[in-house]
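Notes follow the structure.
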Amino acid sequence: MANLIEKESVKRVLRILKDFDKSLEITVLDSSARTAIDAAASLKCEVGAIVKSLLLRTDNSFILCLVSGDKKCSLNKIKKILNKKDVSMASADQVKKQTGFSIGGVSPVAHLEKSKTLIDSSLSRFENLYAAAGHPNSIFKIKYQQLIKITQGKEEDIV
């Protein structure tokens, strides 16, 4: 598992994290963090402190939604915020092409193609947040305000 840090997708995330704040680190887990429940169990934290990175597709673009692990993203709220009629989950192939990550390891940062980012304001409940770092077994810890800054995301009620 230690050689995960050598994976291109994880290296990409680490570069962005270190450019933003030298103290941010990637942790490689012995068990999978593919789902928010798995990640919370591995980290011994609340499920809500896990950041789910969900890629949504609109008619001609993609939107990254960062959602608390204990919440569900509301497509209806996203449609209203974006003033779009057609918003849906991106396919696994679209996620890989747009972000460079496979589902289960999608990081909030270091995507191949930049997308507008919406951040679930309920994540602010937690002192520390945990997000995928380019692989289902790698995560990083970050504060809510840091997450907003590093992603240049917009806080919204999207759940």
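Coordinate-derived values only; no laboratory data. Note that the structure is a prediction, hence the values are computed from the model and not measured. Neighbour counts are summed over all protein chains in view; Cβ atoms, including those assigned to glycine, are modelled from backbone coordinates with ideal geometry.
Take Arg125, Arg12 and order them by how many other Cβ atoms sit within 10 Å, fewest up front. If you can, show how the numbers build up before the last one.
Working: Arg125 13, Arg12 19.
The most exposed by this proxy come first: Arg125, Arg12.
Put in order of Cβ neighbour count within 10 Å, fewest first, the listed residues Ile150, Ile119, Ile5, Ile139 become Ile5, Ile150, Ile119, Ile139.
Is there a quick way to get the dipole size of the chain? I mean about its Cα centre, with the Cβ of Lys and Arg at +1 and of Asp and Glu at -1; what is the value in debye to the nearest 20? Each step should come with its number before you reach the end.
On the way: 26 positive and 18 negative charges, 79 e Å.
Computed about the Cα centre, the dipole is about 380 debye.
Only the Cβ atoms of Lys and Arg (+1) and of Asp and Glu (-1) were treated as charged; on that basis the dipole of segment 39-113 about its Cα centre amounts to roughly 240 debye. On the basis of the beta-carbon distance and an R0 of 30 Å, Arg34 and Glu113 show a calculated FRET efficiency of 0.85. Can you tell me the orientation of helix 8-20 relative to the chain, as the angle in degrees between its alpha-carbon axis and the longest Cα principal axis, to the nearest 10? For helix 8-20, the angle is close to 90 degrees.
Which listed residue (Ser122, Ala40, Ala90) has the Cα farthest towards the positive end of the charge dipole for the chain, taking +1 on Lys and Arg C-beta and -1 on Asp and Glu C-beta about the Cα centre? Toward the positive end, the furthest listed residue is Ala90.
With n ≥ 4 as the cut-off for DSSP H runs, can you work out [θ] at 222 nm for the chain, using -39500 (n - 2.57) per run divided by the number of residues, rounded to the nearest 500?
Details: 5 runs with 45 residues, N = 159.
After summing the helix terms and dividing by the residues of the chain, the value is -8000 deg cm²/dmol.
Residues whose amide H lies under 5 Å from that of Asn137, counting only those 5 or more places away or on a different chain, are Ala33; hydrogens are built 1.01 Å from N in the peptide plane.
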